[in-house]
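First up is the structure itself, then whatever we jot down about it.
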Protein chains: 2
Amino acid sequence: MEKKKRGIIPRKIKGFRDIDAVQNQLRWHIVSKASEVYRKYGFEHWDTPVLEYADNLGKYLPESGTVAGGVYSFPNPELEPVLAEDGKELRDEHDKVIMEHHFLAMRYDHTAPLARMYSEKIWNDVQKNIVHSGNAPLLRRYQFGPVFRFEQKLDPGRFREFWQLDFDTVGSEDVSADAEAIMILSDAMKAIGLKPGSFIVKVNNRKLLSGLLQHLGLNSPADEQNILRIIDKADKIGMQGVSEELGKGRKDDSGAFIDGLHLPDDLVRKIMDFFISFTEPQSRSGVLRSLTEKGIDTPLFTGGLTELERIDSILQNSGFDDSKVRFDPTLVRGMAYYTGPIFEVESLDFYRDRKGRKRQVGSICGGGRYDGLVENLTGIKVPAVGASIGVDRLAELLTLTRQAPPPPQGPVVIIVFDDELMPEYQKIAAQLRAAGIATEIYYGQKRGLKKQFQYADRKNAPYALMIGSNELEKGVATVKDLWLGKQQTDIKDKDEWRKKVQQEVPLDELVDFFTRKMS
Amino acid sequence: MEKKKRGIIPRKIKGFRDIDAVQNQLRWHIVSKASEVYRKYGFEHWDTPVLEYADNLGKYLPESGTVAGGVYSFPNPELEPVLAEDGKELRDEHDKVIMEHHFLAMRYDHTAPLARMYSEKIWNDVQKNIVHSGNAPLLRRYQFGPVFRFEQKLDPGRFREFWQLDFDTVGSEDVSADAEAIMILSDAMKAIGLKPGSFIVKVNNRKLLSGLLQHLGLNSPADEQNILRIIDKADKIGMQGVSEELGKGRKDDSGAFIDGLHLPDDLVRKIMDFFISFTEPQSRSGVLRSLTEKGIDTPLFTGGLTELERIDSILQNSGFDDSKVRFDPTLVRGMAYYTGPIFEVESLDFYRDRKGRKRQVGSICGGGRYDGLVENLTGIKVPAVGASIGVDRLAELLTLTRQAPPPPQGPVVIIVFDDELMPEYQKIAAQLRAAGIATEIYYGQKRGLKKQFQYADRKNAPYALMIGSNELEKGVATVKDLWLGKQQTDIKDKDEWRKKVQQEVPLDELVDFFTRKMS
């Protein structure tokens, strides 16, 4: 057997994508429409690097609580001093600065880098006790771009590089900022083009969940995390499955046994009663009433309830009624860094998958309050609330439910009939471009007419311009309406078809013609 | 001495930056204005991943010819099969698939990933001999975003993450595409706001340089690379220095000796004569005449000259005269992958540095023809030409020469006088936003008036809205014109100043008022 040699094969890394003009337009449609809404609420556009020190990003992946193995991380090629807690260089017993290649990581979201940036800005003033928890400055910024996660098991439709579009308010404990975040998500979805009634914002408060568990005597954070993790699976395993996992455990579909938390039966029943009482959607005032009637009086629970009441009144004042925003006490939203109100936009639209089955995309974006993130880096608590739109996920939803804007309009394509006429083509192109009309001369290697028209179609060109020496003598161009041409599939007669989709336009009227047609 | 503990200090990696709202606006001003020009010439917006297989990116850093150590690279956490030259898995002697963690690299430009994407698209058809050098398909795309280079010595103003904005035509050997690239760069600079006459596009052809050396009997690519590398330093070391480095060598400013190429004296003189004859700027036709009169008849030289002549006539036809585009046979533009016409935009504007010295930024963008890049990945030659704008460098130029657009306008800021009135503030904010007026209520923790106005100023807010319970009773708001307020520094009398910059506006006229003022 002959030995084969190692090759260099052109290919993308698994889980990474090239984005073509059509996908890109959709991506930027989402980014620009949502950004406009963010700005309308006073958020500024900031940006942070793609790479950060790994220890600065911490271990707070919103979905899983950890980033174990889930991040692209590698040692900095630069050798740098190790720093002590006061920011000064660490030295060994011989007073020599200790050097190492610090670990770097590609950002896995926009929240951890925001916490780093904000912390870096206030760091010196925190050391001098000028800035403390109660006076930490206000920052409202939005940011978008790619984030990176090394997911070992890559489910269909999941990627290792994808775009997020975040907005955050750091330095405000005011629940008004939470209410606004909810309004912004709702407004952004509308601006992007989702039809009213095709989506709903669901809101809960983590303090209610913690307060309930506290009320039931479950005070340890580990208990809370475990219980919430199981409740978060209700969509997948059903209420019965949740109940079993809180208790003795259950057999999954494959027959494997999943051990439970072994909570006493009456505790499980009390937890389940609470959640089951909210599985049917109610009005916001209805939910508030039900919560009040539970008679739970731990400070966390009553505090969380008061916040929801304030959010309700702000939403009401600003015109966001039950058809736009619902309260859902069963919403958990991962287990990581949230400390107060949490919210999520759910798509209610159906689409048909490849096998014709009716499906829903479900959650398309969300966020919440996280008052502990800056504390990890500075030692002082700084209240913060924000949300993130999964741009690529939303793009997929728009495509699946046929709500995406039409693909971008290509340029007018000048067909190269005769290489000798290139200078004339270039003169015409310059005139059209000067008038703001996108124009391309076909410069491909193979210049058969079929190839050129295929190219124009691929680019979604609205018109092709044909000029041979005959036309040039007459001072005209033949303009072919490519979009119309695609629709006229029922005309069998070639002459008739040509008459319908082609016309002669005097060269000196081309600018007017296209200005009129393409505006 | 007490042992210090290792800390987690919030900080950026050296060479990386946070981008605030003002810098971001400038960045996006450049990207959107130039992209508009690219689209007008028929280029589509595509994107590729930030991460690629390292072997796919190759070793073609345009500036240095290699990426030795200059790239952020690390092993893929995923274990994958090693592929043979035919794309199939390599197996060991026991017929087991050979696995490894392939090296990944962060993109260092947008050209290498473009070559990978294009090559991946045609790969299968190349294997089947359907696609070959003469019929490789046409692709015209633009792309922008961050690129990453680990520069060990980081000069001031240089960064390890920076933005580039590229456009390329792959699959065209037509020199018209090169002429267009030149026009596009010129149009883009104008669209970005550079004043006519404040920049010039310089054009040369690598075939002229190679043809000249061939004519002088210097045929080896290594000789050519070495000679071009030295000529490229003319700006720094002067013509005398170039001459010495081509010959026996020279002492640099520090007194160190730099060994020369040891070319014979008459060869050095002939090379120098050629370059010196073009140090004074001439008209394009003048340069073409001088080049013709050199009487150099190697095919490369005459071919390069013919291409420049065609480029000249296309530029002339399209209205790009000597004031916009110059021919400069001394232009070398790095040594890497260029094979034909090369071009560069030079800023002619002066600015004053911190010490008051007059300075120029120099080259701000450029490009050229590279017919060999796709060949490295597919084995077939595919002609290509493109250019790249250094977005951050251009942003710096606009700032230094005071040509940057004014900073982004902030929102109307509603000052929180009285927490009790928050619902009223929120109603007003909702009304203003519904009318398209960006509005922010101050949600910071410390609500002293001074803090709030400082915040509004920091965000470049045009107006502040003040509503206390008195105002509310009267149904009015006090509107303070913050931009006007900043200008009125000469008014000492507080009442007079207030009268000038503040006015009462009825609440139900606020939308009209701001719509009129801010449009």
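Values in this text are rule-based calculations from the coordinates and carry no lab data. These figures come from a predicted structure and were not determined experimentally. Counting neighbours? That spans all protein chains shown, and the Cβs are built from the backbone with ideal geometry, glycine included.
If you fit an axis through the alpha-carbon atoms of helix A:206-215 and take the longest principal axis of the Cα set of chain A, what angle between them do you get, 0 to 90°, nearest 10? On a 0 to 90 degree scale, this one is about 20. Taking a straight line from the alpha carbon of A:Lys12, these lysines sit under 22 Å away, with near neighbours fewer than eight places off in the same chain left out: A:Lys153, B:Lys59, B:Lys88, B:Lys121, B:Lys128, B:Lys381. Sparse packing (at most 15 other Cβ atoms within 10 Å of the Cβ) combined with a DSSP loop state is found for the following trypsin sites (Lys or Arg not before Pro) in the stretch A:199-293: A:Lys233, A:Lys248. In this structure the amide hydrogen of B:Phe199, modeled in the peptide plane, comes within under 5 Å of the amide hydrogens of B:Leu348, none closer than 5 places in sequence on its chain.
Rounded to the nearest 0.05, what FRET efficiency do A:Arg229 and A:Lys358 have when you use their Cβ-Cβ distance and R0 = 51 Å? Efficiency for this residue pair is about 0.95. The charge dipole of the stretch B:429-513, taken about its Cα centre with unit charges on the Cβ atoms of Lys, Arg (+1), Asp and Glu (-1) only, comes to about 580 debye. Loop-located trypsin sites (Lys or Arg not before Pro) in the stretch A:427-519 (DSSP state not H, G, I, E or B) with no more than 12 neighbouring Cβ atoms inside 10 Å: A:Lys492.
To the nearest ten degrees, helix A:265-276 and the longest principal axis of the Cα atoms of chain A are 40 degrees apart. Of all DSSP-defined beta bridges confined to the protein assembly as shown, some 85% are antiparallel rather than parallel.
Residues in the stretch B:319-331 carry Karplus couplings, in order, of x, 9, 8, 4, 6, 9, 10, 10, 9, 9, x, 8, 5 Hz; the curve used is 6.51 cos²θ - 1.76 cosθ + 1.60 with θ = phi - 60°, and Gly or Pro positions show x. For B:Phe327, nonlocal amide neighbours, meaning residues 5 or more places apart or on other chains whose placed amide H falls under 5 Å from its own, are B:Val203, B:Arg284.
Paramagnetic label reach from B:Asp512 (point 7 Å along Cα→Cβ; backbone nitrogen cut-off under 20 Å): within the stretch B:422-449, residues B:428-438. Starting from the label point of A:Ala256 at 7 Å along Cα→Cβ, the same points in the other copies fall at 6.0 nm, in ascending order. Distance between the 7 Å Cα→Cβ label points at A:Arg158 and B:Gln488: 6.0 nm.
Per residue, what volume in Å³ does the convex hull of the Cα atoms of the protein assembly as shown enclose?
It is 249 Å³ per residue.
The alpha carbon convex hull volume per residue for the stretch A:1-157 rounds to 226 Å³. Charged side chains reduced to their Cβ positions (Lys and Arg at +1, Asp and Glu at -1) give chain B a dipole of some 2180 debye around its Cα centre. Overall form of the stretch B:148-242: oblate. Here a/c, set by the Cα gyration tensor axes a ≥ b ≥ c, is 1.5 or more, and a/b is not larger than b/c. For the pair the stretch A:244-285 / the stretch B:195-270, the C-alpha centres are spaced 78 Å from each other. Volume per residue for the stretch A:128-175 equals 156 cubic angstrom (convex hull of Cα atoms).
Dipole size of the stretch A:366-449 about its Cα centre, with +1 on Lys/Arg Cβ and -1 on Asp/Glu Cβ: approximately 280 debye, rounded to the nearest 20.
Taking 7 Å steps out from each Cα toward its Cβ at A:Ser313 and B:Arg458 produces label points 2.9 nm apart. In chain A, the beta carbon lying closest to the axis that superposes A onto B belongs to the residue given here with its whole-angstrom distance, A:Phe74, 2.
Placing one equal scatterer on every Cα of the stretch A:307-432 and applying the Debye formula, the log10 ratio I(q)/I(0) at q = 0.10, 0.17 Å⁻¹ is -0.59, -1.05. Rounded, prolate or oblate: which fits the stretch B:64-158, taking a ≥ b ≥ c as square roots of the Cα gyration tensor eigenvalues, rounded meaning a/c under 1.5, else prolate when a/b beats b/c? Note, shape of the stretch B:64-158 comes out oblate. Grouping the Cα pair distances of the stretch B:361-515 into 10 Å bins from zero gives a pair-distance distribution of 9, 27, 22, 12, 10, 9, 7, 2 percent in increasing distance order. Kindly identify the stretch B:431-477 as rounded, prolate or oblate by the Cα gyration tensor criterion: order the square roots of the eigenvalues as a ≥ b ≥ c, call it rounded if a/c is under 1.5, otherwise compare a/b with b/c, prolate if a/b is larger, else oblate. Oblate shape, in that a/c is at least 1.5 and b/c is the bigger or equal ratio. Distances between copies at A:Pro406, taken between label points 7 Å from Cα along the C-beta direction, are 3.7 nm in increasing order. Histogrammed with a bin width of 10 Å, the alpha carbon distances of the stretch B:310-374 distribute as 17, 38, 30, 13, 3 percent, first bin at zero.
To the nearest ten degrees, helix A:234-246 and the longest principal axis of the Cα atoms of chain A are 20 degrees apart. Starting from the label point of B:Ser277 at 7 Å along Cα→Cβ, the same points in the other copies fall at 9.7 nm, in ascending order. Under 13 Å Cα-Cα from A:Lys480, which aspartates and glutamates qualify once same-chain neighbours fewer than 8 residues away are excluded? Hits, sequence-local ones excluded: A:Asp457, A:Glu504.
Dividing the summed -39500 (n - 2.57) terms of all DSSP H runs of n ≥ 4 by the residue count of chain B sets its mean residue ellipticity at 222 nm at -11500 deg cm²/dmol.
With kT/(6 pi eta Rh) evaluated at 25 °C and eta = 0.890 mPa s, and Rh the Kirkwood radius from Cα pairs, the stretch A:189-302 diffuses with a coefficient of 155 µm²/s according to Stokes-Einstein. Applying both filters, DSSP loop and at most 16 other Cβ atoms within 10 Å, to the GluC sites (Glu not before Pro) of the stretch B:1-50 gives B:Glu2. Ranking A:His101, A:Pro264, A:Ala191 by Cα position along the charge dipole of chain A, where only Lys, Arg, Asp and Glu carry charges on their C-beta atoms, puts A:Ala191 farthest toward the positive end. Summarising the label geometry, the points placed 7 Å from Cα in the beta-carbon direction at A:Ala222 and B:Lys270 lie 8.4 nm from one another.
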